[in-house]
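The numbers here are math on the coordinates, done by the rules we state, and not lab data. This is a predicted model, so every value here is computed, not measured. Using ideal geometry, Cβ is built from the backbone for each residue, glycine included, and neighbour counts are taken over all protein chains shown.
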2 protein chains.
Amino acid sequence: MTRILVVDDEPQILRSLRTTLGANEYEVLTAETGEDALAQAAAVLPDLVILDLGLPDLDGTEVVRRLRVWSDVPIIVLSVRDRQEDKIGALDAGADDYVTKPFGLGELLARIRAAQRRAGGVQTEPVLAFGDLTVDLGRRLVMAAGEPVHLTPTEFRLLEAMVAHPGKLLTQRWLLQHVWGGAYGAEANYLRVYVRQLRQKLGDRADAPRFILTEPGVGYRWVADPPS
Amino acid sequence: MTRILVVDDEPQILRSLRTTLGANEYEVLTAETGEDALAQAAAVLPDLVILDLGLPDLDGTEVVRRLRVWSDVPIIVLSVRDRQEDKIGALDAGADDYVTKPFGLGELLARIRAAQRRAGGVQTEPVLAFGDLTVDLGRRLVMAAGEPVHLTPTEFRLLEAMVAHPGKLLTQRWLLQHVWGGAYGAEANYLRVYVRQLRQKLGDRADAPRFILTEPGVGYRWVADPPS
DNA sequence: CCGGGGCGTCAAGATGGTGTGAGGACGCCA
DNA sequence: TGGCGTCCTCACACCATCTTGACGCCCCGG
């Protein structure tokens, strides 16, 4: 999860940003002074900094400069001042962007995304690995023993549902509802057929399970850490 | 020397920027239409692009999107529009910064410096190769087995959407929305026809795929590493 | 020892999606 | 206005996938 350090001395802005950013899957840290901001930045290494220019102790530009001595973290400057010299100063000190208050929250979010994208922080494709089996949820690509495995849509949904909850006991009803839809729940034979196909394609065996464990009378369990 | 491509249809802005930027040790190239901008960007590989949203032929956001398919060049969007949606759209399409007209030249220069400082990276030729197939995304040129291949605009957009995400499973809905526009999503027969035409022109076969893999019921996949 | 329920396995029919070819509609340019 | 390229539409054969039923096995309780 992306950590954002918000530096502002107005509690109102702080509160507003905390809720807005928090609602958009960001972890929000706050600081109200320049010194505090620098200390926190060094301590928690945030992924992005939103910085108000009008701080009580230090000049915002100075904060940017001192951050840039050791950090390349993206910095978005926030300010009520719309003067050219302020913008030029902050940007040349090393800020990435300059937004004038009042600003639209949507715009700020877009600028955060842009700054993050540049920083290269969005390359976290979820690739799960279980021994010689890798499951790339983003690419919908499954590799077993170095070879790509072709799965039908239903097979993939079933695999997806299982690997998303490793080690957890998944009841037949739960699996049926998640893979086939809410109207299903009693068609245990579907599961038997597709679990078999999955096991076959992934190189697993019912009598010597490496990935899919049968829990008789209840459901199935995806083995968290297979014996390699 | 840093090369900047300025895209704007107002000769006045063009002239003003040419002198200002020229006086600051930048080499200035200009384009007045979106198509011209894309062509020039591919030909001269500028170090930075300044782009007006209100172009006569293409929507500015569309230009950003098409540039971003193959290039990471910093893009600063210039616009008279101050609407939130425009900003969000342009930034999420891949723009680095958004400046509203009228703007101060000093600020623009500072934003150029900021964008450049971040970029650092090297410009790569936008030419992708897959076995005996080469795709020049910038010049919109495709070569198969040493022979140039003529593609219609729609065919090229489809190819572009696929080669930009090698190995990834692209759903029919996603492809339709990206090639035909957001309003589409259910016209699977369009895809079938154009995928067939692409396969034919690229020397690919449905029953022995080298490039385009069919994932029945889901979509298509551009094979990352074709068997040569 | 016997019976039953659940599971694994297999194969065949039903279903819906895909490949393919052709033809018409439309806009663009001379 | 006519030709040309491109896009869209349709019908049909074919194929992958889904569904369904049947059967043997094992485990467990009666």
statement: Each label sits 7 Å from Cα toward the beta-carbon; between A:VAL218 and A:ASP72 the label points are separated, in nm, by 5.0
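Summing +1 for each Lys or Arg and -1 for each Asp or Glu, what net charge is found among the other residues whose Cβ lies under 14 Å from the Cβ of A:LYS101?
-4
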Cross-link partners of B:LYS168 among lysines (Cα-Cα below 25 Å; sequence separation of 8 or more within a chain): A:LYS201, B:LYS201
- prompt: What percent do you get for the relative contact order of region B:69-198 when only Cα pairs under 8 Å and 6+ apart count?
  reply: 16
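Averaged over its residues, how many other protein chain Cβ atoms are within 10 Å of peptide A:78-91's Cβ atoms?
Values: counts 0, 0, 0, 0, 2, 2, 7, 4, 1, 8, 9, 1, 2, 11.
If you average over the peptide's residues, the count of other-chain Cβ atoms is 3.
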- prompt: From the square roots a ≥ b ≥ c of the eigenvalues of the alpha-carbon gyration tensor of the protein assembly as shown, which class results: rounded (a/c under 1.5), prolate (a/b over b/c), or oblate?
  reply: oblate
statement: When the charge dipole of the protein assembly as shown is computed with +1 on Lys and Arg Cβ and -1 on Asp and Glu Cβ about the Cα centre, the Cα farthest towards its positive end, among B:ALA43, A:VAL49, A:ILE13, belongs to B:ALA43
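Under 8 Å for C-alpha pairs, at least 6 residues apart: give me the relative contact order for chain B, rounded to a whole percent. Can you show the working numbers first?
On the way: 358 pairs, mean separation 30.7, N = 228.
This gives 13 percent for chain B.
Count charges around B:ALA186 for me, please; just the other residues with Cβ under 15 Å from its Cβ, Lys/Arg as +1, Asp/Glu as -1. Let's see the in-between values first.
Working: positive: B:ARG173, B:ARG192; negative: B:GLU187.
It works out to a net charge of +1.
Could you list the GluC sites (Glu not before Pro) in region A:1-86 that lie in coil according to DSSP, counting only those with at most 12 other Cβ atoms within 10 Å of their Cβ? It would help to have the intermediate numbers written out before the result.
Values: sites: A:GLU25, A:GLU27, A:GLU32, A:GLU35, A:GLU62, A:GLU85; in loops: A:GLU25, A:GLU32.
Answer by residue number: A:GLU25.
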statement: Diffing region B:3-16: the Karplus 3J(HN,Hα) column from phi (6.51, -1.76, 1.60, θ = phi - 60°), in whole Hz with x for Gly and Pro, holds 9, 10, 9, 9, 10, 6, 9, 9, x, 5, 4, 4, 5, 4
message: I need the calculated FRET efficiency for the pair A:ASP57 and A:GLU27, taking r as the beta carbon distance and R₀ as 22 Å, to the nearest 0.05.
response: 0.30
message: How far, in nm to one decimal, is B:GLY185 from itself in the other copies if the label point is set 7 angstrom along Cα toward Cβ? Shortest first, please.
response: 2.9
field: Dimensionless Rg over Rh [chain A; C-alpha; Kirkwood]
entry: 1.19
field: Amide H partners (placed H, <5 Å) of B:THR2, local residues excluded
entry: B:GLU27
message: Neighbour counts of other C-beta atoms within 10 Å: give me A:TYR194, B:TYR184, A:TYR220 arranged from fewest to most.
response: B:TYR184, A:TYR194, A:TYR220
- prompt: Which order do A:VAL73, B:VAL135 fall in if you start with the one that has the fewest other Cβ atoms within 10 Å?
  reply: A:VAL73, B:VAL135
task: Go through region A:80-87 residue by residue and turn each phi into a ³J(HN,Hα) via Karplus (6.51, -1.76, 1.60, θ = phi - 60°); whole Hz please, and just put x for glycine and proline.
output: 7, 6, 10, 6, 3, 5, 4, 4
- prompt: Classify region B:142-188: rounded, prolate or oblate, from the alpha-carbon gyration tensor (a ≥ b ≥ c, eigenvalue square roots; a/c under 1.5 rounded; otherwise prolate if a/b is larger than b/c)?
  reply: oblate
statement: Per the 1/(1 + (r/R0)^6) rule, R0 = 25 Å and r from the Cβ atoms of A:THR20 and A:ARG173, FRET efficiency to 0.05 is 0.05
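With each run of n ≥ 4 DSSP H residues scored as -39500 (n - 2.57), what mean residue ellipticity at 222 nm is computed for the protein assembly as shown after dividing by its residue count and rounding to the nearest 500 deg cm²/dmol? Intermediate results must be reported in sequence, preceding the final value.
Values: 16 runs with 184 residues, N = 456.
Mean residue ellipticity at 222 nm (helix-derived): -12500 deg cm²/dmol.
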task: Excluding residues on the same chain fewer than 8 positions from B:LYS101, give the lysines whose Cα lies under 28 Å from its Cα.
output: A:LYS87, A:LYS101, B:LYS87
Packing-based exposure ordering (other Cβ within 10 Å, fewest first) of B:MET1, B:MET162: B:MET1, B:MET162
query: Classify region A:6-67: rounded, prolate or oblate, from the alpha-carbon gyration tensor (a ≥ b ≥ c, eigenvalue square roots; a/c under 1.5 rounded; otherwise prolate if a/b is larger than b/c)?
result: oblate
field: Calculated from backbone phi, Karplus (6.51, -1.76, 1.60) coupling profile of region A:190-200 in Hz, x at Gly/Pro
entry: 3, 4, 4, 5, 6, 4, 4, 4, 4, 4, 4
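Tell me the net charge near B:ARG196. Cut-off is 14 Å between Cβ atoms, B:ARG196 excluded, with +1 for each Lys or Arg and -1 for each Asp or Glu.
Working: positive: B:ARG192, B:ARG199, B:LYS201, B:ARG205; negative: B:GLU155, B:ASP204, B:ASP207.
Once positives and negatives cancel, what remains is +1.
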